[in-house]
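Enquirer: Sharing a structure below in structure tokens format, with a few things to ask.
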Amino acid sequence: MRIDVMTGSVEFQRLPKTVVPRHYALYLHPDLVGLTFTGHVICDLEVKSQCSTIVCNSAELEVTDVTVTDANGVTQRPTVELSAELETLTCRLQQPLAPGAAQMRLKFAAPLTDKMRGLYRCKYTSPCGEERFAAATQFEATDARRCFPCWDEPALKATFDITLVAPRDRVALSNMPVSREEEYPRRPELRVVHFATTPIMSTYIIACVVGEFDHIETTSDNVCIRVYTPLGKGEMGRFALDCAAKILPYYKGYFGSAYPLPKLDLIAIPDFASGAMENWGLVTFRETCILVDPVNTSTARRQFCAQVVGHELAHMWFGNLVTMEWWTHLWLNEGYAEFAMYLSTDYLFPHYKIWMQFVSECYMGALATDSLRTSHPIEVPVSNPSEVDEIFDGISYDKGACVIRMLHEFLGHEAFKRGMNLYLKRHQFGNTFTEDLWAALEESSGRPVRDVMSTWTRQTGYPVVRVSERREGTTRIITASQRRCLADGKPDADDQMWMVPLSFSSSQSPSETIHKVILSERTTEVRLENIGPDDWVKLNPGAVGFYRVQYPPEMLEQFKSAIATKVMPALDRNSLVDDLFALVQAGDSSTVDFLRLARSFVDEDEFTVWSCLLSSLRRLWPLLQHTEMLEPFHAYCRQLLRTIHKRLGWQQREGEGHMTTLLRPMVIAHLVSFNDQPTLAEAERLFRAHQEGTGTLHADLRSAAYRAVLKRGGKAEFDMMLKLYREAEMLEEKNRIAHALGSIPDPELLTSVLEFALSDEVRAQESVFVMISVSANRLGHELTWDFYKRNCQILCDRYKGRLLAQLVKSLTEDFTTEERALEVEQFFVEHPHPGAERSILQSLETIRLNAAWLQRDRQALSEYLAQCQ
Ligand code: BES
Ligand code: ZN
């Protein structure tokens, strides 16, 4: 055991490889009334070299009756040590084990907690109004060890025979289909369910569920696919079932091999910490990520459900069949699944134009996060469980997906696909390092994949490419040079460089790439032939490369009319806006310049461009929220949105595009945020008509309408909304209401929203977002931070992992002064938050960026906004 000299805590190490598991026979008996579980495991082992200790993982389990049997059938009772800190179980043997086979048997027991990890309990209400419990599992990343002692590392794959004891009238599910069932001896109300042996797999994708569910089913490619829903809601699984049935054959073609299990269940779990989890054969979902109701689900939610199904099913190959060797390579799972979900969604719903949305939903956020000094490389060393939890973040997911998309473009679809197929075939049922993927892609394409990609996955950040141009007749000579793009605009001490796949377009054919070259030095010169004197040249068409571009004013000037006339493709307009905004944050350009440029977008009608513009404006909001500039800023924003709002109206029109349908609620929601009185009034009118049954309020508009009603309301409206919350049957609807409660303009009521968030009435996984909604209200910002500080212990206990990280980040990153940064820093020094450490550092960095930004631009902004009115 090693002690970390800095923190005094125990340093985690990987399990020794002297004894490894080959097969587990796992028997689990959850008690849904007593809220405990018991079980036993018989584990077939392979002893690699003679040894007298066996170490595996176990956490918060009571372990008894441990025996170890050698290949000759000689059984011994080892002494057993459990380390709560290291989450290990160590058996010390009297007689050393010789290399070869051995077997370990043990029994275990633990409470069924409500922590949403390990084997845990979920609360639901039966159709007759009774409160009941189901049991479900969530093992990723390191929580299988909270259900049964095991070698809980992704590389220690084994096969599993799982047996569940369940009440006769409950559904019992696991990764594989049932192989046989029998009555439980002397307890006729119970049955014993045996499941078929799994393929060789990692512990983190094992799953079990026992509870009451309805299901609908279909078959696709000889695989039985089912969607399990709460009782009475089977039809709400139809959309996900249809998606899954089409995605399986699509992925079979794309990945070059069939889904390897005989069945695939997708199940909605009432209490669920993340969005969904790719357990092999038994994918678990938060209800709002899978249940779709034709009338009450919004267009955006429905699209998201298709994406989540696409993401999780991609893991059946990428992650489950071929698994990262260690969490350092987590991005192979998550980045790739994120990329593949866009492929599958595009295949299912080409009219969603999902690849355009990729840029606003994924790419821009990744660029923003990765410009922080506190970002991290995609491949990041991690050891203890809280560090592992922490990397399920925007870098692994979004930057991961972005660099894969960049590589996909660089190699071309066919070579990329061939390489992927080779990789999956070569490593099926095995484990990989990032390098293995590069090797396969290099082989299939003959391109220097490894050298290029390592610069993107092993270094933090990405470059900003500065360009300038010279003309020689019709030849345009572009000089491009790179340096790290940093949010604070200061130079990078490390002098990093990337292999940047540069691409160029010009006004002659704005959506075509006319030239490609790799920038592998600090600076390069590119000669483009046949460019007319008035032609513009733009880099990175389609925003595929993971870098920003900084143009000199003359080049920017040339883009202006192409933006106004929309001759320049939407994604290019988009990245110009976003890159400019980044320069503003860095202090290389002024906020006023940005607001001026934004005004030239009044006639814009693309969803992605608006999404980008509005997210930039939202980013300004925290700077201004406690200043006299807030109202003039709102006025500016209202003005900006007027034309597009008029064009879109309130009602969906027949035949309009999907992106228009998404744009309308986004525009209306922002007008509500910007206090646009006519919008608030109309939203409230629609709401009242809906309540009275004289009209309908489309699901797409409900969120905005609820916020509008609350913004104009007082105690009466607040109570009415709470009543609607309590009556709502559908979780999506409940969430819409709960997330709107933070809009009430009354500090006393806001305090009661915070208390409500932590009450029994709000599911643990949702209460974080209710608190965030209060914090997003100017009047609730301070309140929520104080509330957090007072309840920090309860909250930390409740939400280890991503939810906690998200909460502390949202509550703190909008502060704008150095004093605040110091206060936040001090608080977290006194109250360590393992698993949220990087988020806290990022928040501190953001607060300081805000402070500098506000100081720098305050005067000019205030003058500009005053003169706008
Ligand atoms: N493997 C993850 C679920 C997960 C996340 C487990 C964090 C443990 C910690 C799953 O595949 C996933 O990525 N889910 C996403 C949804 C997806 C559509 C982006 C999630 O939960 O946010
Ligand atoms: Zn995933």
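Enquirer: Look at segment 187-231 and say how many of its residues are in contact with a Cys (Cβ under 7 Å, 6 or more places away or on another chain) and hydroxyl-bearing (Ser, Thr, Tyr).
Expert: Of the residues in that region, 1 qualify.
Enquirer: Further question on the same structure: Could you please give the count of residues in segment 264-278 that are of a type outside the set (A, V, I, L, M) and away from ligand 2 (no atom under 16 Å from the Cβ)?
Expert: 3
Enquirer: Inside segment 329-357, can you point out the residues that are out of contact with any Gly (no Cβ under 9 Å at 6 or more places or on another chain) and either within 16 Å of ligand 2 (Cβ to nearest atom) or in contact (Cβ under 8 Å) with a residue 60 or more places away in the chain (or both)?
Expert: Answer for segment 329-357, where residues must be out of contact with any Gly (no Cβ under 9 Å at 6 or more places or on another chain) and either within 16 Å of ligand 2 (Cβ to nearest atom) or in contact (Cβ under 8 Å) with a residue 60 or more places away in the chain (or both): 329, 349, 352, 356, 357.
Enquirer: Quick one: which of 382, 283 is more than 14 Å from ligand 2 (Cβ to nearest atom) and without any contact (Cβ under 8 Å) to a residue 60 or more places away in the chain?
Expert: Among 382, 283, only 382 is more than 14 Å from ligand 2 (Cβ to nearest atom) and without any contact (Cβ under 8 Å) to a residue 60 or more places away in the chain.
Enquirer: Listed residues 361, 334, 325; which is of a type in the set (D, E, K, R) and away from ligand 1 (no atom under 15 Å from the Cβ)? Walk me through it before giving the result.
Expert: Numbers: 361 fails: away from ligand 1 (no atom under 15 Å from the Cβ); 334 fails: away from ligand 1 (no atom under 15 Å from the Cβ).
None of the others qualify; the one that does is 325.
Enquirer: Does segment 128-156 hold any residues that are in a loop (DSSP other than H, G, I, E, B) and more than 13 Å from ligand 1 (Cβ to nearest atom), and which are they?
Expert: Across segment 128-156, the qualifying residues are 128, 129, 130, 147, 148, 149, 151, 152, 153, 155, 156.
Enquirer: Going through segment 367-416 one residue at a time, which ones are open to solvent by less than 10 Å² (accessible area, probe 1.4 Å) and within 13 Å of ligand 1 (Cβ to nearest atom)?
Expert: 388, 391, 396, 400, 401
Rundown of residues vs (1) open to solvent by less than 50 Å² (accessible area, probe 1.4 Å); (2) within 16 Å of ligand 1 (Cβ to nearest atom), yes/no style:
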position: 790; (1), (2): no, no
position: 823; (1), (2): no, no
position: 826; (1), (2): no, no
position: 835; (1), (2): yes, yes
position: 846; (1), (2): yes, no
position: 850; (1), (2): yes, no
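Enquirer: Given the condition surrounded by 20 or more Cβ atoms within 10 Å (Cβ to Cβ), closer than 20 Å to residue 658 by Cβ and not hydrophobic (A, V, I, L, M, F, W, C), answer yes or no: does some residue in segment 309-328 qualify?
Expert: So far as segment 309-328 goes, yes, one or more of its residues are surrounded by 20 or more Cβ atoms within 10 Å (Cβ to Cβ), closer than 20 Å to residue 658 by Cβ and not hydrophobic (A, V, I, L, M, F, W, C).
Enquirer: Give just the number: which of (1) free of Cβ contacts under 8 Å to residues at least 40 places away in the same chain; (2) within 16 Å of ligand 2 (Cβ to nearest atom); (3) farther than 25 Å from residue 156 by Cα; (4) of a type outside the set (Gly, Ala, Ser) does residue 242 not satisfy?
Expert: Tallying (1) free of Cβ contacts under 8 Å to residues at least 40 places away in the same chain; (2) within 16 Å of ligand 2 (Cβ to nearest atom); (3) farther than 25 Å from residue 156 by Cα; (4) of a type outside the set (Gly, Ala, Ser), residue 242 fails exactly one: (2).
Enquirer: Mind listing whichever residues of segment 286-316 are away from ligand 1 (no atom under 13 Å from the Cβ) and either without any contact (Cβ under 8 Å) to a residue 60 or more places away in the chain or within 15 Å of residue 260 (Cα to Cα) (or both)?
Expert: Of everything in segment 286-316, those that are away from ligand 1 (no atom under 13 Å from the Cβ) and either without any contact (Cβ under 8 Å) to a residue 60 or more places away in the chain or within 15 Å of residue 260 (Cα to Cα) (or both) turn out to be 292, 294.
Enquirer: Still on this structure, I have one more. Quick one: which strands (runs of 3 or more DSSP E) lie wholly within segment 503-596 and hold at least 2 residues that are surrounded by 18 or more Cβ atoms within 10 Å (Cβ to Cβ)? Steps first, answer last, please.
Expert: Working: elements: 515-519, 523-528, 537-539, 548-550.
Output list reads 537-539, 548-550.
Enquirer: Name every residue in segment 124-143 that is among the polar types (S, T, N, Q) and modelled with pLDDT of 95 or more, in order of residue number.
Expert: 137, 138, 142
Enquirer: For segment 319-326, state whether one or more residues are in contact with a helix residue (DSSP H, G or I) (Cβ under 7 Å, 6 or more places away or on another chain), within 13 Å of ligand 2 (Cβ to nearest atom) and not polar (S, T, N, Q).
Expert: Yes, there is a match, as at least one residue in segment 319-326 is in contact with a helix residue (DSSP H, G or I) (Cβ under 7 Å, 6 or more places away or on another chain), within 13 Å of ligand 2 (Cβ to nearest atom) and not polar (S, T, N, Q).
Enquirer: Sort through 435, 338 and tell me the only one that's crowded, with 23+ Cβ neighbours inside 10 Å, out of contact with any strand residue (DSSP E or B) (no Cβ under 9 Å at 6 or more places or on another chain) and not aromatic (Phe, Trp, Tyr).
Expert: On inspection, the qualifying residue turns out to be 338.
Enquirer: Looking only at segment 685-700, which residues are open to solvent by 10 Å² or more (accessible area, probe 1.4 Å) and in a helix (DSSP H, G or I)?
Expert: The answer is 685, 686, 688, 689, 690, 691, 692, 700.
The values are calculated or read from the model by the stated rules, or taken from the named source; none is laboratory data. These numbers come from a predicted model, not from an experiment. No Cβ is skipped: glycine too gets one built from the backbone with ideal geometry, and neighbour counts run over all protein chains shown. Remember, those area values only see protein heavy atoms, side chains included, never the ligands or the DNA or RNA. Shrake-Rupley method; radii C 1.70, N 1.55, O 1.52, S 1.80 Å.
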